[in-house]
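The values are calculated or read from the model by the stated rules, or taken from the named source; none is laboratory data. The structure displayed is predicted, hence computed values, not measured ones. We place every Cβ from the backbone using ideal geometry, glycine too, and count neighbours over all the protein chains shown. Only protein heavy atoms, including side chains, enter the accessible area calculation; ligands, DNA and RNA are left aside. Shrake-Rupley method; radii C 1.70, N 1.55, O 1.52, S 1.80 Å.
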Amino acid sequence: MILQVRAVAPFYKNGFVVGCERTREAVIVDPGDEADELLGAVRDLDVRVQYVLLTHAHVDHVTGVAAVKEAYDVPVYLHADDLFLYDAAVEQGAMFGFRVRQPPPVDVFYDMSPIHFGDYEVLVHHTPGHCPGGVCLQTGRTGERGTHLFVGDTLFAGSIGRTDLPGGAYDVLMRSITEVLFSLGDDAVVHPGHGPDTTIGREKATNPFVLEYLATKRNHGIQDS
Ligand SMILES: [Zn+2]
Ligand SMILES: [Zn+2]
């Protein structure tokens, strides 16, 4: 699998080019302010972009959608529960003090059926909590268990997504992490929306927010019984 990541100031939000080494078909995940760098990577890699796949619609993850759409005119995918955020991209930018271009309309709402590029397949898992329409894009060879997880801002190396923004909910986020993401295999590589990669196994064993949540849940369980 071809995989390139780019991130630029001010958000240092990771944008990805993911491609099939045989067919050169590719997808772009979460194009933000680093869209030009992603378009450069697409040219250098000599891949053909098929889709823009969004993990969620916070402004840092969508500011480059317009540029990618202009370059390739490919469908943009989003979870319907994040449309209210996507539609408010300009207002979200203003909240952070940035002037943002309204991204073009969403073309496809994830219906949870697999998305294909070349020999690869993306399975879409709904992982709300950081925002209502957050998804995990589980990517791997078609027919095999995908071991690359594009998780947006749900889970980070040693941290978790914030839940104080509109539509965020702590308990919902922790269930998405411990019940959805943690079921996808300890060896699965997590590609977060910010910061370095990690693995499911490492976060299970060492993520302090996860360990605290699980310990609290266990204690409650003991008190309840
Ligand atoms: Zn976010
Ligand atoms: Zn983000």
Report summary line: Filtering the range 133-146 down to residues that are away from ligand 2 (no atom under 15 Å from the Cβ) and more than 15 Å from PHE16 (Cβ to Cβ) yields ARG141, THR142, GLY143, GLU144, ARG145
Query - Which numbered condition VAL190 fails, given (1) modelled with pLDDT of 95 or more; (2) part of a helix (DSSP H, G or I); (3) of a type in the set (A, V, I, L, M) - result: (2)
Query - SER176, sole failed condition from (1) crowded, with 19+ Cβ neighbours inside 10 Å; (2) part of a loop (DSSP other than H, G, I, E, B); (3) of a type in the set (Gly, Ala, Ser); (4) within 16 Å of ligand 2 (Cβ to nearest atom) - result: (2)
Query raised in the report: For the range 130-146, which residues satisfy the criterion of being of a type in the set (Gly, Ala, Ser) and either closer than 18 Å to GLY201 by Cβ or crowded, with 24+ Cβ neighbours inside 10 Å (or both)?
Result: GLY133, GLY134, GLY140, GLY146
Report summary line: Taking the range 33-45 and the residues there that are closer than 25 Å to ALA89 by Cα and acidic (Asp, Glu), the one that is surrounded by the most Cβ atoms within 10 Å (Cβ to Cβ) would be GLU34
Requested in this report: For residues that are under 17 Å from LEU38 (Cα atoms), touching a residue at least 12 places away in the same chain (Cβ under 8 Å) and either away from ligand 2 (no atom under 16 Å from the Cβ) or not small (Gly, Ala, Ser) (or both), tally how many sit in the range 60-114.
Outcome: 15
Report summary line: ASP164 passes all but one of the listed conditions (1) of a type in the set (Asp, Glu); (2) surrounded by fewer than 15 Cβ atoms within 10 Å (Cβ to Cβ); (3) in contact (Cβ under 8 Å) with a residue 40 or more places away in the chain; the exception is number (3)
Requested in this report: Could you check how many residues of the range 147-158 are open to solvent by 30 Å² or more (accessible area, probe 1.4 Å) and within 12 Å of ligand 2 (Cβ to nearest atom)?
Outcome: 1
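Here is a yes/no grid of residues against (1) within 13 Å of ligand 1 (Cβ to nearest atom); (2) open to solvent by 60 Å² or more (accessible area, probe 1.4 Å):
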{"position": "THR63", "(1), (2)": "yes, no"}
{"position": "TYR72", "(1), (2)": "no, yes"}
{"position": "TYR77", "(1), (2)": "no, no"}
{"position": "PHE84", "(1), (2)": "no, yes"}
{"position": "VAL108", "(1), (2)": "no, no"}
Query raised in the report: Across the range 48-94, what is the number of residues that are over 17 Å from the mean Cα position of the chain (by Cα), of a type in the set (Gly, Ala, Ser) and over 21 Å from ALA9 (Cβ atoms)?
Result: 2
Report task. Can you confirm whether the range 46-53 contains a residue that is touching a helix residue (DSSP H, G or I) at 6+ places or on another chain (Cβ under 7 Å) and open to solvent by less than 60 Å² (accessible area, probe 1.4 Å)? Result -> yes
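Kindly indicate whether PRO196 is within 16 Å of ligand 1 (Cβ to nearest atom), touching a residue at least 24 places away in the same chain (Cβ under 8 Å) and not in a helix (DSSP H, G or I). Talk me through it step by step, then tell me what you get.
Values: within 16 Å of ligand 1 (Cβ to nearest atom): no; touching a residue at least 24 places away in the same chain (Cβ under 8 Å): yes; not in a helix (DSSP H, G or I): yes.
For PRO196, the condition - within 16 Å of ligand 1 (Cβ to nearest atom), touching a residue at least 24 places away in the same chain (Cβ under 8 Å) and not in a helix (DSSP H, G or I) - is not met.
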**Report entry** Residues located in the range 1-19, provided they are away from ligand 2 (no atom under 16 Å from the Cβ) and in contact with a Lys or Arg (Cβ under 9 Å, 6 or more places away or on another chain)
**Finding:** MET1, ILE2, VAL17, GLY19
